[in-house]
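The values are calculated or read from the model by the stated rules, or taken from the named source; none is laboratory data. Keep in mind that this is a model prediction, so the values were computed, not measured. Reconstructed Cβ throughout: ideal geometry from the backbone, glycine too, with neighbour counts over all protein chains shown. Heads up: the accessible areas ignore ligands, DNA and RNA and are worked out on the full protein's heavy atoms, side chains in. Shrake-Rupley method; radii C 1.70, N 1.55, O 1.52, S 1.80 Å.
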Amino acid sequence: MQQVDFTLLTADNHRLAATRFEPAEPNGLSILINSATGAPRHYYRSFAQYLAKRGCLVLTYDYRGIGDSIDPHFDLKHLRLRDWGQKDLSAMLNWLHYYAPEHKIAALGHSIGGQMIGLASNNYLIKSVLTVASQIGYWRNWPTAGKRLQMGLVTGLALPAAVKGFGKLPGFAMGGVSLPAGIALEWSRWCRHPQYFVDENSQPLRTYFERFNGPARFYAIADDHFYAPESAVKALSRRYVSADGEVVWRHPSHWGAREMGHFGYFRRNAPQAAWDEIGDWLIRHTLQQHPASQRWAA
């Protein structure tokens, strides 16, 4: 297995840091890992290495404004959360498509990474989708009055206040690395709107969920109470209107763990059973699926 760091240029000339994991014996599957909000690509290194050892070509990357993709030539104030899906994820899909054209592509989204797939106009290149703790973050998707109040206060009041005070959303506020102000404030706006994907005027953004029509699996983690409860995961699954999808609920004990939460799945010490379950699904449902009719073209 070979690990290569490189830089990829998006259509709007933003340089993104990426890492590809080349398998010694390729099995014909490329996997794009789309990170959680504020999670740098290095967080997924161990899991990417695991997939590469199973024969998969794996690509991880930092969204613009995050980690090694902070471009000094761009004003961070003008970045928007939608850019991560419309521009960054789209560029990564194109790169995978042309780098290994004989491969089938699977997308794995963690948290917001599962949402961003719906903003990429070329997501028809993806043959299967699997998400872990991905959700629609509208505060009313939380299951109880107490959790709805907590989510509403955090995203509607505390998050904008932190951005105003620090000029960005500091990493300690939500976990992970700091978020540029424009990205954090758009996230806050989405969480307050039932349509979720909206612009500055609360008008719906164009999404492309309907362009993906393959198998999809959405994992809800039982002890992920704040970030991605099952009700919010189901809300995301309903956006994938053309997918052959299923929501799968897992308690950490199913994998022999005491806790998992929102971030535990991709840690180096995660249970082998958890990685095997998802690795098996990705390989089986991407490489062995019957050819689907292609309804969209580049």
When every residue in segment 1-29 that is outside any loop (DSSP other than H, G, I, E, B) and of a type in the set (Val, Ile, Thr) is compared, the one nearest to TYR44 (Cα to Cα) is THR19
On the given criteria, is ARG211 open to solvent by 60 Å² or more (accessible area, probe 1.4 Å) and more than 17 Å from GLY113 (Cβ to Cβ)?
-> no
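With the structure loaded, tell me whether ARG217 is free of Cβ contacts under 8 Å to residues at least 24 places away in the same chain and open to solvent by 10 Å² or more (accessible area, probe 1.4 Å) or whether it fails that test. Walk me through it before giving the result.
Working: free of Cβ contacts under 8 Å to residues at least 24 places away in the same chain: no; open to solvent by 10 Å² or more (accessible area, probe 1.4 Å): yes.
The answer is no for ARG217.
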Filtering segment 156-179 down to residues that are more than 19 Å from LYS77 (Cα to Cα) and either out of contact with any helix residue (DSSP H, G or I) (no Cβ under 8 Å at 6 or more places or on another chain) or not aliphatic (A, V, I, L, M) (or both) yields GLY156, LEU157, PHE172, GLY175, GLY176
Across (1) at pLDDT below 95; (2) farther than 19 Å from ALA107 by Cβ; (3) polar (S, T, N, Q), GLN272 clears everything bar (1)
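Quickly run through segment 78-96 and pick out the residues that are among the acidic types (Asp, Glu) and either open to solvent by 20 Å² or more (accessible area, probe 1.4 Å) or farther than 17 Å from GLU200 by Cβ (or both).
Taking segment 78-96 and keeping what is among the acidic types (Asp, Glu), we get 83, 88.
Passing the criteria: only ASP88.
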Kindly check whether there is at least one residue in segment 230-240 that is open to solvent by 50 Å² or more (accessible area, probe 1.4 Å), within 20 Å of LEU32 (Cβ to Cβ) and not acidic (Asp, Glu).
yes
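If you check LYS147 against the conditions, is it open to solvent by 50 Å² or more (accessible area, probe 1.4 Å), in contact (Cβ under 8 Å) with a residue 12 or more places away in the chain, among the charged types (D, E, K, R) and under 18 Å from ASP83 (Cβ atoms)? Spell out the reasoning first.
Values: open to solvent by 50 Å² or more (accessible area, probe 1.4 Å): yes; in contact (Cβ under 8 Å) with a residue 12 or more places away in the chain: yes; among the charged types (D, E, K, R): yes; under 18 Å from ASP83 (Cβ atoms): no.
For LYS147, the condition - open to solvent by 50 Å² or more (accessible area, probe 1.4 Å), in contact (Cβ under 8 Å) with a residue 12 or more places away in the chain, among the charged types (D, E, K, R) and under 18 Å from ASP83 (Cβ atoms) - is not met.
Across segment 78-105, what is the number of residues that are assigned to a helix (DSSP H, G or I) and either of a type in the set (Gly, Ala, Ser) or under 16 Å from ILE117 (Cβ atoms) (or both)?
If we filter segment 78-105 for residues that are assigned to a helix (DSSP H, G or I), which is where we start, we get 78, 82-99.
Subsequent filtering for residues that are either of a type in the set (Gly, Ala, Ser) or under 16 Å from ILE117 (Cβ atoms) (or both) retains 82-97.
Going through segment 78-105 one residue at a time, the tally reaches 16.
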Exception for TYR63 within (1) touching a strand residue (DSSP E or B) at 6+ places or on another chain (Cβ under 8 Å); (2) open to solvent by 10 Å² or more (accessible area, probe 1.4 Å); (3) closer than 28 Å to HIS285 by Cα; (4) assigned to a loop (DSSP other than H, G, I, E, B) falls at (2)
Pairing a residue in segment 12-28 that is among the β-branched types (Val, Ile, Thr) with any residue that is open to solvent by 50 Å² or more (accessible area, probe 1.4 Å), where Cβ atoms lie under 6 Å and the two sit 6 or more apart in sequence or on different chains, gives THR19/ASP5
_If I filter segment 114-136 for residues that are open to solvent by 10 Å² or more (accessible area, probe 1.4 Å) and assigned to a helix (DSSP H, G or I), do I get at least one hit?_
yes
- Quick check: is even one residue across segment 197-208 open to solvent by 40 Å² or more (accessible area, probe 1.4 Å) and farther than 30 Å from GLY156 by Cβ? no
The number of residues in segment 206-222 that are touching a helix residue (DSSP H, G or I) at 6+ places or on another chain (Cβ under 6 Å) and either part of a loop (DSSP other than H, G, I, E, B) or at pLDDT below 95 (or both) is 3
(1) among the hydroxyl-bearing types (Ser, Thr, Tyr); (2) crowded, with 18+ Cβ neighbours inside 10 Å; (3) part of a helix (DSSP H, G or I) all hold for TYR227 apart from (3)
